[in-house]
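Novice: One structure, pasted below without further comment.
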Amino acid sequence: MTDLDALTRQAVQQLEPNRHGVVVAALTDGHTEVQATGGLTVDSRLEIGSVTKVFTSLVLARLIESGTVRLDQPLSDFLPAPTGITLRHLATHTSGLPRLPKGMLLKALLRPNTPDPYAHCTADQLIENLSRIRPATPGTRFRYSNLGAGLLGLALSRHTGLSYGDLVAREVGTPLGLVSTGAGGPVAPEHNAKRRPTEPWNLADLVGAGGLRSTTADLIRFVRAHVEESPVTAAVGLALDVEHRVNPFLTVRLGWMAQRMHAKLGGHLQIYHNGQTGGAYAFAGFDPEKRVGVVVLSDTARSVDGPAMELLRGLQSRA
């Protein structure tokens, strides 16, 4: 057994007890090691939740690269919106918009197990909701916002005249050969945090915040495009070069979160995002300097972040 195989197996063993199934992939030195349990495979299609946001931001970077939009273009050029909010603000969670559309937070607190909680988030509903929001001053501080990321996807979709799914396919899926990534369509059986069967979510026009479905195989290709040359390398560079500091340890890029480990722990750069729906959990992370990456998909709505980050640290240490 190689050390890469051992690291990947260790992550699976840590995750397996509290989940129905999980797939773990480690990328390093042009090689990929994959381990799975619970009947899942590298081709099992699941919801990826907020990992969708990094696809939305890469689409933004691709459209900036092609001259279709500008990074600091106002949202009001695309949708009726408060002044001052730009596409940069939406992609870096600095728009000043709340985490959820107005009125949804209370519902989420009172009824946390509501099925399909975003199904009513149509474009008309989102625009009407936006008219009732007075955001904090854009560009001043980090405030994680599903609403903002969803509006970014909606704005880009309307501007290009394509559905969100077709836009992702054109700008990311086709160039990278992602055959199973898209909005809607079937998924493998999914389970809530108590490991009971549950149905996938429909995010309607908030899809850019968390509505994509994918496989480990596709996410491996997606992460590899962030550590190796690919047809989207220029856009990846743009997405990672944009930086807003959240605190002394954490920054946000276009879509991605990033942290630099303490020098005593190697000083490695970790760029990552996670995602959760009512029945699945996803994690994607990488180090562009060491050219290693991690993908974890689970068919159970329980966090995989700890073992996933531990695996990423292990890959960085051996690179």
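The values are calculated or read from the model by the stated rules, or taken from the named source; none is laboratory data. For clarity, every value in this text was computed on a predicted model and none was experimentally measured. Heads up, the Cβs are rebuilt from the backbone with ideal geometry, glycines too, and the neighbour counts pull from every protein chain shown. Side chains included, ligands, DNA and RNA excluded: accessible areas come from the protein's heavy atoms. Shrake-Rupley method; radii C 1.70, N 1.55, O 1.52, S 1.80 Å.
Novice: Quick check: pseudo-label points 7 Å beyond the Cα along Cα→Cβ at His120 and Thr233, how many nm apart are they?
Specialist: Result: 4.9 nm between the two label points.
Novice: Counting other Cβ atoms within 10 Å, keep those with at most 16, restrict to DSSP loop, and tell me which GluC sites (Glu not before Pro) in the stretch 237-319 are left.
Specialist: Loop-located and lightly packed - Glu243, Glu289.
Novice: Sorted by accessible area (1.4 Å probe), largest first, how do Lys102, Lys194, Lys290 line up?
Specialist: Correct descending sequence by accessible area is Lys194, Lys102, Lys290.
Novice: Thr37 to Lys264: FRET efficiency via 1/(1 + (r/R0)^6), r the Cβ-Cβ distance, R0 30 Å, to the nearest 0.05?
Specialist: Plugging the Cβ-Cβ distance into 1/(1 + (r/R0)^6) gives 0.30.
Novice: Still on this model: Return the equivalent ellipsoid semi-axes of the stretch 161-303 as a descending list in whole Å, where each equals the square root of 5 times an eigenvalue of the C-alpha gyration tensor.
Specialist: Computed over the stretch 161-303, the values are 26, 20, 14 Å.
Novice: Quick one: pull the percentage of alpha-carbon pairs in the stretch 127-186 with a separation above 17 Å.
Specialist: Cα-Cα pairs in the stretch 127-186 separated by more than 17 Å: 55 percent.
Novice: Among the aspartates and glutamates, which fall within straight-line cross-link reach of Lys264, defined as a Cα-Cα distance under 20 Å, with same-chain neighbours fewer than 8 residues apart omitted?
Specialist: Asp287, Glu289, Glu310
Novice: Binning at 10 Å from 0, report for the stretch 1-148 what percent of all alpha-carbon pair distances ends up in each bin.
Specialist: The calculated distribution, bin by bin, is 9, 27, 26, 22, 15, 1.
Novice: By the scheme Lys and Arg +1, Asp and Glu -1, what is the net charge of all other residues having a beta-carbon under 13 Å from that of Ala61?
Specialist: +2
Novice: What is the Cα convex hull volume of the stretch 156-237 when expressed per residue in Å³?
Specialist: Numbers: hull volume 9.7 nm³, N = 82.
It is 118 Å³ per residue.
Novice: So, one more: Output the relative contact order of the chain, whole-number percent, from Cα pairs under 8 angstrom with separation of 6+ residues.
Specialist: 26 percent
Novice: Most mobile of Gly39, Gly153, Gly96 per a Gaussian network model of the chain (Cα springs, under 10 Å)?
Specialist: Taking springs between Cα atoms under 10 Å, the residue moving most is Gly39.
Novice: Mind telling me which of Arg253, Arg88, Arg221 comes out most flexible in a GNM of the chain, alpha-carbon contacts under 10 Å?
Specialist: In this elastic network of the chain, the residue with the biggest mean-square fluctuation among Arg253, Arg88, Arg221 is Arg221.
Novice: Would you mind checking the tilt of helix 52-65 against the longest principal axis of the Cα atoms of the chain, expressed as 0 to 90 degrees and rounded to 10?
Specialist: 70 degrees
Novice: Next question. More than 12 Å apart: what percent of Cα pairs in the stretch 1-53 qualify?
Specialist: 67 percent
Novice: Please compute the per residue accessible area over the stretch 1-84 with all protein chains in place, 1.4 Å probe, rounded to a whole number of Å².
Specialist: 40 Å²
Novice: Something else: Which percent of the accessible area of the chain is formed by carbon and sulfur heavy atoms (probe 1.4 angstrom)?
Specialist: 51 percent
Novice: Another question, if that's okay. Report the dimensions of the stretch 219-319 along its three principal axes from the alpha-carbon atoms, largest first, rounded to Å.
Specialist: Computed over the stretch 219-319, the largest-to-smallest principal extents equal 36, 33, 29 Å.
Novice: I'd like the Kirkwood hydrodynamic radius of the chain, using the inverse of the mean 1/r over distinct C-alpha pairs, in Å.
Specialist: 19.6 Å
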